[in-house]
Amino acid sequence: MEDQRKTLSPQDHLIGYALSRSEADCFRAWNVSTWEAAYSFASERLGTKPTSIKQLRDEFDALTDSPRKGWRNREPRAHILSVFDQFRSLTDSEVMELVSGALQGRDLDDVYQAISAASTMRDAASRLETGRRAESFFCENVHAILTPQAGRVIDLTSSGKGFDFALEGHPGVAIEVKGLVGPSGSLLFTDREYREAEIRQQNYWLCVVHSLDKVPSAKVLVNPASELKLRPIAPTMAQTRWACTFRTSG
């Protein structure tokens, strides 16, 4: 008999994420055609209530490209964001490989470690390319994005100062540019970028260039350290990184 007090496991969260991101792959792999059947399939193998799996899917709907609205009227919980950040860079086939292992009772860490190294390298390369496209868009459209009176852009992208650009005639202003392929997604900041934003406050401007895969657009946030709900994530190479979820509306 199912334990009604069961604490949701990493496997449960993975299944919720997979159903939100790749429902067609899950339905096909599990040979089901309805949501009820999908919840029951996972429930029987994980010992988790079908309603709990549905609720996890709904929470992830607010972060993935799902057409469903999900829980968009509230800020995602920290552990949901953590799971999203952990798996978002994986391909659909890699996610389904993890799902298969989870449903078979395999140790998720063993499966994850086997594919994470290549995924991390691929994600880093993708973020680098997205960042370059965003920076190019910003430089080409700076007066439309900021103001016609904006001064000449000073490129500091290779300086390691914690921001990408300065503006001639605007001493003290630091501009950091982030890019997103779609209209929303997760933004990552180095610890230096975060510290500069905290110190400079109103003089630190974040320009998010989003929808790069369609019609690029930009939104400028002044003092992002106070406006965005940044959270520390696992250190990489002994350096803490900071993350938040960005949406163009809502």
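The values are calculated or read from the model by the stated rules, or taken from the named source; none is laboratory data. Keep in mind that this is a model prediction, so the values were computed, not measured. As a convention, Cβ positions derive from the backbone with ideal geometry for all residues, glycine included, and neighbour counts pool all protein chains shown.
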Practice prompt. Among residues belonging to the range 21-42 that are hydroxyl-bearing (Ser, Thr, Tyr) and modelled with pLDDT of 95 or more, point out the one that is nearest to Thr245 (Cα to Cα).
Written response: Tyr39
Worksheet item: Would you call Arg57 outside any helix (DSSP H, G or I) and among the basic types (Lys, Arg)?
Response: no
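Conditions tested, residue by residue: (1) surrounded by 20 or more Cβ atoms within 10 Å (Cβ to Cβ); (2) polar (S, T, N, Q); (3) within 14 Å of the chain's Cα centre (by Cα).
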{"site": "Thr7", "(1), (2), (3)": "no, yes, no"}
{"site": "His13", "(1), (2), (3)": "yes, no, no"}
{"site": "Asp25", "(1), (2), (3)": "no, no, no"}
{"site": "Trp30", "(1), (2), (3)": "no, no, no"}
{"site": "Trp35", "(1), (2), (3)": "no, no, no"}
{"site": "Ser40", "(1), (2), (3)": "no, yes, no"}
{"site": "Pro50", "(1), (2), (3)": "no, no, no"}
{"site": "Gln55", "(1), (2), (3)": "no, yes, no"}
{"site": "Asp61", "(1), (2), (3)": "yes, no, yes"}
Discussion item. Yes or no: the range 139-151 includes at least one residue that is of a type outside the set (A, V, I, L, M, F, W, C), within 28 Å of Val215 (Cα to Cα) and in contact with a Cys (Cβ under 8 Å, 6 or more places away or on another chain).
Written reply: no
Worksheet entry | Any chance Gln55 is more than 22 Å from Ser100 (Cβ to Cβ) and polar (S, T, N, Q) | yes
Discussion item. Pull out all pairs, ordered by first then second residue, where Cβ-Cβ is under 6 Å, the residues are six or more apart or on different chains, the first lies in the range 122-140 and is among the β-branched types (Val, Ile, Thr), and the second is modelled with pLDDT of 90 or more.
Written reply: Thr130/Gly179
Discussion item. Could you check the range 25-45 and list, in sequence order, the residues that are part of a helix (DSSP H, G or I) and within 21 Å of Ser93 (Cα to Cα)?
Written reply: Asp25, Cys26, Phe27, Arg28, Ala29, Trp30, Trp35, Ala38, Tyr39, Phe41, Ala42, Arg45
Worksheet entry | Hits in the range 93-130 (condition: closer than 20 Å to Ser20 by Cβ, at pLDDT 65 or above and small (Gly, Ala, Ser)) | Ser93, Ser100, Gly101, Ala102
Worksheet item: With (1) modelled with pLDDT of 80 or more; (2) under 30 Å from Leu90 (Cβ atoms) as the list, and Leu146 as the residue in question, which single condition is left unmet?
Response: (2)
Worksheet item: How many of the residues in the range 164-193 are closer than 15 Å to Leu230 by Cβ, buried (at least 17 other Cβ atoms within 10 Å of the Cβ) and over 17 Å from the mean Cα position of the chain (by Cα)?
Response: 2
